[in-house]
Amino acid sequence: MDFDLSEEQRLLRDSVDRMIDDAYGNFEMRGSYMTEPRGFAEPLWARYAELGLLGLPFAEADGGFGGGPVETMLVMEAVGRGLALEPYLATVILGGGFVRLGGTAAQKQRIIPRIADGSLRLAFAHGEPQARYDLADVATTARETGAGFVLDGAKTLALHGDSADLLVISARIRGERRARDGIALFLVNADAPGLARRGYRTQDGQRAAEVTLSDVRVPADGAIGVPGEALALIEQVVDIALAAVSAEAVGAMQALHTMTVEYLKTRKQFGVPIGSFQALQHRAADMLVALEQARSMAMYAAMMADAPDATERHAAIAAAKVQVNDSARMIGQAAIQLHGGIAMTRDYKAGHYFKRLTMIESLFGDTDHHLRTVAAGEGLIEAV
């Protein structure tokens with residue numbers, strides 16, 4: 001199998017790397033972006049649009065640029081290396097993913113061009129306090145009326161939900177709380193009457209929101225796909241998001257390993273660089289091995305993100321997330337230990353990488369959750 005990038009993919013990688021380096025090369029700039037009202041710099045979001053990154057995964061016929069999972073992987077690796085704060089995952093991968101894969105022609109025509117030009121931001125409001133990682137556990141309700149639907153309930157940890165203009169919200173129209181059947185998806189304007197958001201900063205410097213719904217009315221054409229049959233689409237988009245955050249984690253791990261090795265070369269003890277101590281060399285080598293293991297599985301996840309067999313795709317993505325999580329924990333902890341006390345200071349970047357990796361570790365399912373899927377053997381390729 002050919003793993004080499006095409007000329008277009010190399011150009012994309014180089015342009016994204018330059019943009020992220022310019023914006024986040026000085027770590028103090030990240031702190032200034034966090035103080036912006038939306039938690040990121042609006043001019044930088046416009047640069048994403050200028051480079052075509054916001055329209056990357058969408059079909060050209062819908063106003064996008066026709067990219068695939070590999071192109072998304074390249075962007076997310078750069079996002080991870082820079083610890084970028086922009087809502088690329090929330091808007092393009094999650095919210096945009098639902099429109100791309102399940103939206104009507106009218107919805108695509110109305111939404112995708114505005115995502116691509118940076119004028120519309122989306123968020124996915126699905127998680128609920130009682131659900132943990134069970135995507136089918138939805139207690140929010142949607143009552144059908146003659147004109148559409150009425151939504152009631154509460155959502156938690158909607159990534160960048162406080163800065164989104166449009167929310168993709170899941171709700172149950174029938175069935176028991178954990179039933180796989182009966183879940184629907186709706187496009188809801190952030191300023192809709194009855195919808196309230198409480199935004200906050202997460203431990204890694206990103207943004208999220210708690211969303212409450214009280215008699216929120218949604219027209220019939222606001223539904224994505226067939227109401228009551230949305231779980232398969234939710235699982236598909238979350239699998240794509242898992243592949244994306246795996247690539248982001250690889251970018252963060254690579255940057256953390258590089259700065260740790262550089263620190264070992266420059267920090268002196270007993271008159272010599274501490275990198276000359278064999279025990280520390282072994283730790284750095286172990287970090288590199290873990291990084292390459294995660295990189296290979298992130299590439300595997302990118303290749304499987306568009307797999308038509310849902311069971312096979314889900315098992316493959318889960319296996320990749322298990323390895324990425326294990327590598328992230330090992331590299332993060334080793335980097336903190338090898339840096340010593342400086343890694344725990346607010347002004348040093350290593351600790352912030354560790355925080356982001358820790359958040360990614362639990363995003364869309366922690367290691368134990370995905371390990372159970374792998375252990376169940378669903379969709380794993382049998383030996384021949």
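The values are calculated or read from the model by the stated rules, or taken from the named source; none is laboratory data. What you see is a predicted model, and the numbers here were worked out from it, not measured in a lab. Because the Cβ atoms are built from the backbone with ideal geometry, glycine has one as well, and the counts that use them run over all protein chains shown.
Of note:
- Of the set (1) touching a residue at least 60 places away in the same chain (Cβ under 8 Å); (2) of a type outside the set (Val, Ile, Thr); (3) assigned to a strand (DSSP E or B); (4) buried (at least 20 other Cβ atoms within 10 Å of the Cβ), all apply to Asp152 but (4).
- Set side by side, the residues Thr212, Thr258 differ, and just one is free of Cβ contacts under 8 Å to residues at least 12 places away in the same chain and not aromatic (Phe, Trp, Tyr), which is Thr258.
- Any pair with Cβ under 7 angstrom, 6 or more apart, that starts in segment 11-26 at a residue that is of a type in the set (Ser, Thr, Tyr) and ends at one that is surrounded by 15 or more Cβ atoms within 10 Å (Cβ to Cβ): Ser15/Leu51; Tyr24/Arg30; Tyr24/Gly82; Tyr24/Leu83; Tyr24/Ala84
- Hits in segment 229-278 - residues which are assigned to a strand (DSSP E or B) and at pLDDT 95 or above: Glu229
- Ser6, sole failed condition from (1) exposed (fewer than 12 other Cβ atoms within 10 Å of the Cβ); (2) touching a strand residue (DSSP E or B) at 6+ places or on another chain (Cβ under 7 Å): (2)
- Qualifying residue in segment 93-104 (condition: outside any helix (DSSP H, G or I) and at pLDDT 95 or above): yes
- Among the residues of segment 297-323, just one is part of a helix (DSSP H, G or I) and of a type in the set (Asp, Glu), namely Glu312.
- Condition met for Ala209 (in the same structural domain as Glu128 (by TED's automatic domain parsing) and surrounded by 19 or more Cβ atoms within 10 Å (Cβ to Cβ)): yes
- Counted residues, segment 42-89 - those being of a type in the set (D, E, K, R) and under 26 Å from Asp204 (Cβ atoms): 6
- In segment 348-372, the residues that are surrounded by fewer than 19 Cβ atoms within 10 Å (Cβ to Cβ) and acidic (Asp, Glu): Asp366, Asp368
- Subset of segment 100-122 (residues that are surrounded by fewer than 23 Cβ atoms within 10 Å (Cβ to Cβ), of a type in the set (A, V, I, L, M) and in contact with a strand residue (DSSP E or B) (Cβ under 8 Å, 6 or more places away or on another chain)): Leu120
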